[in-house]
Amino acid sequence: MHKLDPRRYRQTARTAIGDPVLQGALANLQHRLKTATAEAYQALAEGPGLRQIAHDIRRRAIGNLDTLLSELAERITQNGGRVFFAADADEAVTHCLDIARRHGVKLAVKGKSMVTEEIGLNPALAAAGIEPVETDLGEYIVQLAGERPSHIIAPAVHKTRRQIGELFARKLGIAFTDDPPTLTLAARRALREKFLAADMGISGVNLACAETGHMAVLSNEGNIRMSTTLPRVHVAFMGMERIAHRLVDHDILIRLLCRGASAQKMAGYVSYIGGPARPGQSDGPQEFHLIIVDNGRSRILADQTFREILYCIRCAACLNVCPVYGKIGGYPYGFAYSGPVGAVVTPLMTGINRAADLCQGETLCGACRQACPVDIDIPRMLLALRAKLAAGDRDWDVVPAHPAEARLFDFWAWIMGRRRRYDAALSAARLLQRLLPRENGLLRRLPPPLSGWTESRDMPPVAPQSFLQRKRKRGK
Amino acid sequence: MSSSSTLPANPLTRPLAARPGAVTLFAQCLVDTFYPEVAEAVVTIFARLGMAVDCPPEQTCCGQPAFNAGYRRQARAAARHFIEVFENAGDIVCPSGSCVHMVRHGYAELFADDPGWLARSRRVAERTFELTEYLVDVLGVTDLGARCEATLTYHDSCHLLRGLGIERQPRALIGAVRGAHLVEMEDADRCCGFGGTFAVHYPEISTAMTAEKVDHIVASGAEAVVGCDVSCLMNIEGVIRRRRLNIRAIHIARLLAAGCREDLWHA
Ligand code: SF4
């Protein structure tokens, strides 16, 4: 597999479109979850309007992020946990490695966590001689295959039962089968040994609660609960925006998160973790660390235009309805986060010019916003990113991405400013299109920069007379 | 089936006596340039309602193509021209959901830092209506006396549906066309893959999406797909024709102006 890189958006997308297995899997996933999620919102006791209430809860939390985070840190410290604020990926990874070294960790079991993908934790652990083992079934499959997750919630969505059967036969030494229960059982056996042998548990955080000093982690397999309680040390990574003020906010946000993620009323396992095991408690780690990761989030927080993307609770509902994601899958987005949310977050975190294709490679159809449990206006932010690419932007270190196209639009604006010029442009187009091949009255091939259109589509010619020209003639 | 009686009362609906004698047409640049017959159809529809259609001769484009591509300075230039041309008009009607969405919502973003133009754009936006919305919600009509014996399916354009919330109006209008049989396709509300410059910059992704749309149209068994935006229709038809399928893409205005099937099939 190629290294993930948003600069390869088009090529990676093309490969995905040409892969019938992937196309089937994506269609399946979207078909299953699109209506189910919409219905799950409808079925909320408070009605789908709860999404706007949740939006306001998130807005207030992000507006008070500094106070909420220090409240959380204080409570966790009181409970005997340790909190570290990491400015960037390096700091977060290094801090985790330090903890691991102090405890002589050889094996770490991991609950599903996108922020650890974001900071590149697994390769760093491996390089330090620590074996990281993903324990979410989907993540485990992807890890065994040496790949990266292609969906925020369903990381192995791109793999078929058959492929998984072959993978397990090769890696776990079992006889080939594509029977899901048998495969699940094989994974469970292999993972059980890892759970018992692990020195460290690593998890993400779905949502922290400032008021109580807890972090909620959700799963459907119970694996996160085991990762966070069995090993002697637990390290939790949390994107610094993943916090709500009060426990009553959790009630709303977590119900919406589960509906957005998988059209479930509630995840199978919800744990609230507030620190290490207390003296006398038999369960829980001896040491608990929370690493709160900034890694570009403060910069997003400081910009009113993009702050809204920090309301995201990473449910992946937007991926499940996005018609572009439905065709290209997760890899073209070139980072931990894919789909509509990735198209906004990745440019902001890794460079807008570098991820220009992510800002431009959507149709602004608005399906993501409608599916988002916290009603985030993703199309608005995509437009804002495009505006930065078009004109450049000092604050975000953006240089104009397409100077030639900008000149074309200058010319276009000049034409649109007077009907006389518009009519002249139509006349010119009519002359030029005479040179183009036609079939059944439609144009078969357009010259650059419009040639993309006719790669797989015909184009109507400019009419002999525009409507306004007809009217003018008639009026005379 | 005429659904006018089943539609919920709309506060916008004007009683017959309060109907203006004329509307102002913003033809929209793609209609004006590629599909003048769509604008002709709009004129026919209003003539049947006894209303004249005013057509400001200086009109060009609302600015949406530049806005969606990020070129805000250029979009503002076109938008200012649009506002100047239309600010003294009465009710402005446009046979395109995405352009009405641009005027209603895009301009607010475009002129956010310019109170003068923002106020002017608001005044125009308040009086700008998408065709089907104007017919059904403002005038309170669904039956325009049209006739067309055909099995049709309807494609929901993105900005029309999710931006303006227009979903039942076109269906009610199609339902009232004599002889027309409306069948819903799967995922009628899913994007067709047009997306303006997106279609040109990312043709593989765009046409993969359009192919899915066309497959759903074919599976519906319809002889034609009807829509409210020629941009989507141009895209869908482009693939239909490249695949040499015997299916039409028809703007709703032409359907509503039709006297018989031949008006659409042999024009
Ligand atoms: S943007 Fe909304 S829908 Fe998408 S992952 Fe975030 S919360 Fe979920």
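The values are calculated or read from the model by the stated rules, or taken from the named source; none is laboratory data. What you are looking at is a predicted structure, and each value in this text was computed from that prediction instead of being measured. When we count neighbours, we look across all protein chains shown, and the Cβ atoms used for this are built from the backbone with ideal geometry, even at glycine. Ligands, DNA and RNA are stripped out before the accessible areas are found, and what is left, the full protein with its side chains, is counted by its heavy atoms. Shrake-Rupley method; radii C 1.70, N 1.55, O 1.52, S 1.80 Å.
Restricting attention to segment A:450-476, the residues that are open to solvent by 20 Å² or more (accessible area, probe 1.4 Å) and more than 7 Å from chain B (Cβ to nearest Cβ) add up to 8. Condition check: aliphatic (A, V, I, L, M) and closer than 15 Å to B:Phe67 by Cα. Does A:Leu358 satisfy that? No: the conditions fail for A:Leu358. Residues that are touching a Ser or Thr at 6+ places or on another chain (Cβ under 8 Å) and under 21 Å from A:Gly366 (Cβ atoms) number at least 1 in the following helices (runs of 4 or more DSSP H) confined to segment B:89-137: B:97-101, B:107-110. Going by the conditions given, is B:Leu245 open to solvent by less than 40 Å² (accessible area, probe 1.4 Å) and either of a type in the set (A, V, I, L, M, F, W, C) or not assigned by TED's automatic domain parsing to the domain that holds B:Leu131 (or both)? Answer is no for this residue. Kindly indicate whether A:Asn320 is touching a Leu at 6+ places or on another chain (Cβ under 8 Å) and of a type in the set (S, T, N, Q). When the stated conditions are applied, A:Asn320 passes them. Please verify whether A:Ala390 is out of contact with any strand residue (DSSP E or B) (no Cβ under 8 Å at 6 or more places or on another chain), closer than 26 Å to B:Phe82 by Cα and part of a helix (DSSP H, G or I), treating the condition exactly as stated. It is true that A:Ala390 is out of contact with any strand residue (DSSP E or B) (no Cβ under 8 Å at 6 or more places or on another chain), closer than 26 Å to B:Phe82 by Cα and part of a helix (DSSP H, G or I). Kindly evaluate A:Arg419 against the criterion of being at the interface with another protein chain (Cβ under 8 Å from one of its Cβ atoms) and farther than 22 Å from A:Leu364 by Cβ. So A:Arg419 fits the description; yes. Taking segment A:43-68 as the range and being under 10 Å from A:Val374 (Cβ atoms) and of a type in the set (Lys, Arg) as the test, the residues that pass are A:Arg51, A:Arg58, A:Arg59. Count of segment A:358-377 residues, restricted to those that are open to solvent by less than 20 Å² (accessible area, probe 1.4 Å) and under 20 Å from A:His402 (Cβ atoms), is 6.
On the basis of being over 19 Å from A:Thr116 (Cβ atoms), open to solvent by 30 Å² or more (accessible area, probe 1.4 Å), within 16 Å of the ligand (Cβ to nearest atom) and out of contact with any helix residue (DSSP H, G or I) (no Cβ under 7 Å at 6 or more places or on another chain), does A:Arg255 make the cut? Yes, satisfied.
In the condition set (1) over 20 Å from the mean Cα position of the chain (by Cα); (2) in contact (Cβ under 8 Å) with a residue 40 or more places away in the chain; (3) away from chain A (no Cβ under 11 Å), B:Ala89 is compliant with all but (1). Filtering B:Gly179, B:Gly227 for residues that are farther than 27 Å from A:Thr12 by Cβ and in contact with a Lys or Arg (Cβ under 6 Å, 6 or more places away or on another chain) leaves a single hit, B:Gly179. Residues in segment A:239-249 that are open to solvent by less than 20 Å² (accessible area, probe 1.4 Å), within 19 Å of A:Ser113 (Cα to Cα) and either not aliphatic (A, V, I, L, M) or not assigned by TED's automatic domain parsing to the domain that holds A:Ile99 (or both): A:Gly239, A:Glu241.
When the test is whether a residue is crowded, with 24+ Cβ neighbours inside 10 Å and under 20 Å from A:Gly366 (Cα atoms), B:Gly163 does not pass it. Of all the numbered requirements in (1) open to solvent by less than 20 Å² (accessible area, probe 1.4 Å); (2) under 22 Å from the mean Cα position of the chain (by Cα), A:Val109 misses one, and that requirement is (2). Within segment A:371-389, residues that are under 19 Å from A:Glu241 (Cβ atoms) reach partners that are within 10 Å of the ligand (Cβ to nearest atom) and among the acidic types (Asp, Glu) with beta carbons closer than 9 Å, at six or more positions or on different chains, in the pairs A:Ile376/A:Glu308; A:Asp377/A:Glu308; A:Ile378/A:Glu308; A:Arg380/A:Glu308; A:Met381/A:Glu308. Step by step: first the residues of segment A:178-211, then only those that are surrounded by fewer than 17 Cβ atoms within 10 Å (Cβ to Cβ) and of a type in the set (Val, Ile, Thr), then the one that is farthest from A:Thr67 (Cα to Cα). Which residue is that? This residue is A:Thr182.
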